[in-house]
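A.B. asks: This is the structure I have questions about; it appears just below.
The values are calculated or read from the model by the stated rules, or taken from the named source; none is laboratory data. From a predicted model like this one, the values you see are computed outputs, not experimental measurements. When we count neighbours, we look across all protein chains shown, and the Cβ atoms used for this are built from the backbone with ideal geometry, even at glycine. For the accessible areas, the whole protein counts, side chains as well, though only heavy atoms, and no ligand, DNA or RNA atoms are used. Shrake-Rupley method; radii C 1.70, N 1.55, O 1.52, S 1.80 Å.
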Amino acid sequence: MSVTSKETSPELAAQYWQVGDEIHDTKADHGVPIEKIWPDRQFTSRLVNPANRRKMTVIIVGTGLAGGAAAATLGEAGYRVENFCYQDSPRRAHSIAAQGGINAAKNYKYDGDSVYRLFYDTVKGGDYRARETNVYRLAAVSANIIDQCVAQGVPFAREYGGLLDNRSFGGVQVQRTFYARGQTGQQLLIGAYQALERQVNAGTVHMHTRHEMVEVVVADGRARGIITRDMVTGKIEEWFGDAVVLATGGYGNVFFLSTNAMGCNVTANWRAHRKGAFFGNPCFTQIHPTCIPVAGENQSKLTLMSESLRNDGRIWVPKKAEDCEKDPRQIPEEDRDYYLERIYPSFGNLVPRDIASRQAKYRCDEGLGVGPKVKEVDSDGTEHMRSRGVYLDFSEAIQRLGKDAVEKKYGNLFDMYQRITDENPYEVPMRIYPAVHYTMGGLWVDYDLQSTIPGLFVTGEANFSDHGANRLGASALMQGLADGYFVLPNTITDYLADSPKFSKIDQKHPAAIEARQAVESRVNKLLSINGSRTVDSIHKELGHIMWEYCGMERNEAGLTKAIGLIRNLRNEFWTNVKVTGVNEELNQTLERAGRLADFLELGELMCVDALHRRESCGGHFRAESQTEEGEALRHDDTYQYVAAWEWTGEGHKPVLHKEPLIYKSIQVKQRSYK
């Protein structure tokens with residue numbers, strides 16, 4: 001084990017952050033058994049008279065599974081909903097890209113599954129850094145999600161007898177993942193979209209496409225509205241409501257290269273953070289093990305191959321470096337290293353994503369990677385060429401099940417792989433490598449999904465609440481729909497019950513004027529710099545810093561270096577970026593510049609968060625804290641808490657507030673999948 005201190009030195013800490021008061025989630029009643037907390041909260045949450053709901057406006061930013069489901073459900077309940085998205089249709093939300101499936105504790109396979117087991121697997125998979133009350137609720141409502149989606153007509157895969165089929169995902173030993181071939185996210189989004197459009201037609205939901213939220217209006221201590229920019233005309237507008245919901249997804253694009261859609265950004269969350277919303281565990285990033293490897297320096301997007309492929313595909317690398325450039329079909333079995341099956345015999349290729357990703361990195365670091373070599377630059381500036389790929393091989397599955405059976409389960413994924421790589425995965429093993437995929441961090445919320453700004457609620461990937469330091473596969477869709485269909489509609493009423501007491505607000509309110517002027521000033525500043533560097537070149541440099549020093553493996557020296565590099569790069573951005581065009585037109589350069597400005601601030605906070613947490617847990621792997629076998633080594637006595645960061649102004653150190661994690665219903669252990 002590491003012999004270095006498990007605590008950051010006081011001198012280093014004082015240089016980068018301050019420590020504030022502890023915070024606690026006061027909405028869940030910890031005095032009752034865990035299975036009764038959610039029913040108890042549903043009962044104690046105050047209600048809103050149906051006649052009053054028609055008078056209340058809820059602003060929802062985002063139309064993916066979390067936002068679309070919430071808008072549809074609140075519209076059905078009778079509220080007026082103003083729903084915003086930057087895409088040209090809610091159906092283009094990034095939820096559509098989720099492929100593999102959605103978890104639910106239905107126990108259709110009679111293999112010992114239960115709500116408690118799903119709860120246990122999720123907390124363990126997150127390396128005991130998730131709030132157990134939230135996770136238990138997620139597991140408890142998971143079965144309701146499937147029932148709701150089936151009623152909507154979502155075409156889940158079925159067995160010959162007609163029952164819904166299930167398959168396995170990483171980190172568990174039961175089959176609880178419901179799926180629709182390799183298009184589960186798409187089919188679930190269509191279901192939510194149908195429910196949403198029904199409310200649009202009914203007049204309860206007003207849809208605003210091509211509108212990007214660029215500021216939140218906080219008046220009298222409450223979130224009362226947002227400022228948007230029309231992405232076609234550049235028009236800047238104020239919108240007001242009784243509550244604001246952010247369902248804007250994750251921030252993986254801070255790394256530039258990720259599996260996220262190109263438009264995914266952190267702006268809504270970051271604008272709220274600057275107005276008082278704490279940011280929880282920002283350094284917890286998920287690196288997904290099954291993505292198509294980087295092919296060259298000019299790439300701007302990475303492609304996810306579903307984790308479901310690890311059900312039947314076997315992951316291996318050549319045992320000998322001299323075999324790495326051979327045709328893999330010519331390498332005999334005895335010269336292949338099925339390293340996950342070797343190291344983790346109990347879970348094999350279905351270990352959690354963080355573990356599978358690190359092991360792939362180790363094999364490639366050892367010179368056993370396969371595929372085209374790409375240029376890499378070490379921390380000392382040394383350039384070298386290295387292959388970053390491992391094999392995902394279906395030859396055994398095709399022999400066992402037949403090609404037709406494999407095609408029925410994974411055909412569209414195989415087609416996608418072949419179109420991108422021009423290699424036939426039925427004949428030649430796929431090549432995969434880890435890539436940034438999901439962010440477990442997000443705005444801090446309580447059990448009601450309310451942030452530290454009263455009236456500002458955060459759902460889905462945009463909040464931090466359910467996955468700890470590592471999300472299990474097929475749990476993102478589960479959380480998005482749980483928050484949207486079942487949790488938020490029950491909890492937001494407790495806040496809205498007081499809404500009639502709130503004073504009215506309009507464009508003349510000082511908070512609205514200040515927010516609008518801040519947006520206009522920021523736009524004018526970006527357009528006036530007229531430097532020599534493109535937005536993408538700076539974003540790419542930020543991504544390299546983040547991947548190199550705050551990626552799969554982190555250490556103190558690298559993180560402190562990264563913070564300095566990011567500060568210099570942020571100064572370069574605000575003095576030398578070139579944003580062409582004007583505000584009053586479709587201007588994608590301006591859009592990207594605004595998002596990058598927020599990524600540059602977020603990136604520094606991610607490095608500070610990673611620097612302060614001198615332990616390894618889930619996707620956060622500190623080189624100073626590992627077991628003799630190279631596994632993540634937690635320090636529960638020092639770091640068993642949520643790190644909730646408070647913004648204190650540009651150039652000022654952020655304040656760390658700790659929310660202790662209390663486990664009453666689960667025994668905390670060091671994770672093992674061997």
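A.B. asks: Could you tell me, in Å, what Rg and Dmax come out for the Cα atoms of region 288-436?
C.D. replies: In Å, with Rg to one decimal and Dmax whole: 14.9, 50.
A.B. asks: Which shape class, rounded, prolate or oblate, goes with region 33-122 when its Cα gyration tensor gives a ≥ b ≥ c as root eigenvalues, a/c under 1.5 marks rounded, and past that a/b bigger than b/c marks prolate? Display every interim value, and only then the final one.
C.D. replies: Values: a/c = 3.23, a/b = 1.28, b/c = 2.53.
Oblate, because a/c is 1.5 or more while a/b does not exceed b/c.
A.B. asks: Taking the Cα centre of the chain as origin, sum charge times position over the Cβ atoms of Lys and Arg (+1) and Asp and Glu (-1), and report the length of that vector in debye to the nearest 20. The partial results should precede the final answer.
C.D. replies: On the way: 80 positive and 87 negative charges, 241 e Å.
Around 1160 debye, computed over the chain.
A.B. asks: When each pair of different Cα atoms in region 508-632 is counted once in the 1/r mean, what is the Kirkwood radius in angstroms, to one decimal?
C.D. replies: Numbers: mean 1/r = 0.0612 Å⁻¹.
One decimal place: 16.3 Å for the Kirkwood radius.
A.B. asks: To the nearest Å, what is the center-to-center distance of region 399-471 and region 142-221, using C-alpha atoms only?
C.D. replies: When both Cα centres are located, 15 Å separates them.
A.B. asks: Using 0.36 nm per residue of separation minus the Cα-Cα distance, give me the extension gain between Lys375 and Lys540 in nm, one decimal. Working shown, then result.
C.D. replies: Values: separation 165, 0.36 × 165 = 59.40 nm, distance 1.47 nm.
Stretched out fully, the Lys375 to Lys540 stretch lengthens by 57.9 nm.
A.B. asks: At 1.4 Å probe size, what's the solvent-accessible area of Met262? Round to the nearest 10 Å².
C.D. replies: Roll a 1.4 Å probe over it and Met262 shows about 120 Å².
A.B. asks: Could you give log10 I(q)/I(0) at q = 0.12, 0.18, 0.22 Å⁻¹ for region 204-304, computed by the Debye formula over C-alpha point scatterers of equal weight, without solvent?
C.D. replies: -0.53, -0.97, -1.20
A.B. asks: How much net charge surrounds Thr177 when only the other residues with a Cβ under 15 Å from the Cβ of Thr177 are counted, with Lys and Arg +1 and Asp and Glu -1?
C.D. replies: Details: positive: Lys106, Lys109, Arg117, Arg158, Arg167, Arg176, Arg181, Arg310, Arg353, Lys409, Arg471; negative: Asp111, Asp113, Asp121, Glu159, Asp165, Glu307, Asp312.
Combined, the nearby Lys, Arg, Asp and Glu give +4.
A.B. asks: For region 8-61, place one equal point scatterer on every Cα, skip the solvent, and apply the Debye formula. What is log10 of I(q)/I(0) at q = 0.20, 0.25, 0.28 Å⁻¹?
C.D. replies: With one equal scatterer per Cα and no solvent, log10 I(q)/I(0) is -0.86, -0.99, -1.07.
A.B. asks: Sticking with this one: What number in nm² do you get for the chain if you take the convex hull of its Cα atoms and divide its surface by four? It would help to have the intermediate numbers written out before the result.
C.D. replies: Values: hull surface 113.9 nm².
The orientation-averaged projected area of the Cα hull of the chain comes to 28.5 nm².
A.B. asks: Take Arg363, Arg522 and sort them by solvent-accessible surface of the protein heavy atoms, 1.4 Å probe, largest at the top. Walk me through the intermediate numbers first.
C.D. replies: Numbers: Arg363 20, Arg522 50 Å².
These residues rank, largest area first, as Arg522, Arg363.
A.B. asks: Using a/c under 1.5 as the rounded threshold, could you call region 140-182 rounded, prolate or oblate? The axes a ≥ b ≥ c are square roots of the C-alpha gyration tensor eigenvalues, and prolate needs a/b larger than b/c, oblate otherwise. Mind dumping the intermediate values first?
C.D. replies: Numbers: a/c = 1.93, a/b = 1.22, b/c = 1.58.
Note, shape of region 140-182 comes out oblate.
A.B. asks: Also, I was wondering about something else. Convert each backbone phi in region 495-502 into a coupling constant with the Karplus relation 6.51 cos²θ - 1.76 cosθ + 1.60 (shift: θ = phi - 60°), then list the ³J(HN,Hα) values in order as whole Hz, x for Gly and Pro.
C.D. replies: 6, 5, 4, 8, 4, x, 7, 6
A.B. asks: Also, quick follow-up: In whole percent, how big is the carbon plus sulfur part of the accessible area of region 81-169, probe 1.4 Å, protein atoms only? Write down the numbers at each step before the final one.
C.D. replies: Values: 1590 of 3260 Å².
For region 81-169, the apolar C and S fraction of the accessible surface comes to 49 percent.
A.B. asks: Under a straight-distance cross-link criterion of Cα-Cα below 20 Å, which lysines are reachable from Lys508, leaving out those fewer than 8 residues away in the same chain?
C.D. replies: Lys508 reaches Lys235, Lys275.
A.B. asks: Could you report the accessible area of Arg80 in Å², rounded to 10, computed with a 1.4 Å probe on the protein chains as they sit in the structure?
C.D. replies: The value for Arg80 is about 100 Å².
A.B. asks: Residues of the chain: accessible area per residue at 1.4 Å, in Å²? Intermediate values should be presented prior to the final figure.
C.D. replies: Values: 25270 Å² over 674 residues.
Normalised by residue count, the accessible surface of the chain is 37 Å².
A.B. asks: Do you know the Lys pair count in region 14-154 for C-alpha distances under 24 Å, with sequence separation 8 or more or different chains? Spell out each step's value before the answer.
C.D. replies: Details: Lys27/Lys36; Lys27/Lys124; Lys36/Lys106; Lys36/Lys124; Lys106/Lys124; Lys109/Lys124.
Taking the Cα cut-off of 24 Å, the pair count is 6.
A.B. asks: Okay, moving on. Once the whole set of protein chains is in place, how much accessible area is left on Leu340, using a 1.4 Å probe, in Å² to the nearest 10?
C.D. replies: Rounded to the nearest 10, that gives 0 Å².
A.B. asks: Could you sort Glu325, Glu615 by their accessible area in this structure, using a 1.4 Å probe and putting the largest first?
C.D. replies: Values: Glu325 150, Glu615 0 Å².
Order by accessible area, largest first: Glu325, Glu615.
A.B. asks: Here's a follow-up. Taking Lys319 as the anchor, which lysines have their alpha carbon closer than 16 Å to its alpha carbon, excluding any fewer than eight residues away along the same chain?
C.D. replies: Straight-distance partners of Lys319: Lys361.
A.B. asks: As I understand it, the dipole of region 288-436 uses +1 on the Cβ of Lys and Arg and -1 on the Cβ of Asp and Glu, about the Cα centre. Which of Thr421, Ile355, Gly367 lies farthest toward its positive end?
C.D. replies: The residue sitting most towards the positive pole is Ile355.
A.B. asks: Quick one: Debye curve from the alpha-carbon atoms of region 93-227 only, equal weights, vacuum; give me log10 I(q)/I(0) at q = 0.10, 0.19, 0.21 Å⁻¹ to two decimals.
C.D. replies: These q points yield log10 I(q)/I(0) values of -0.46, -1.13, -1.22.
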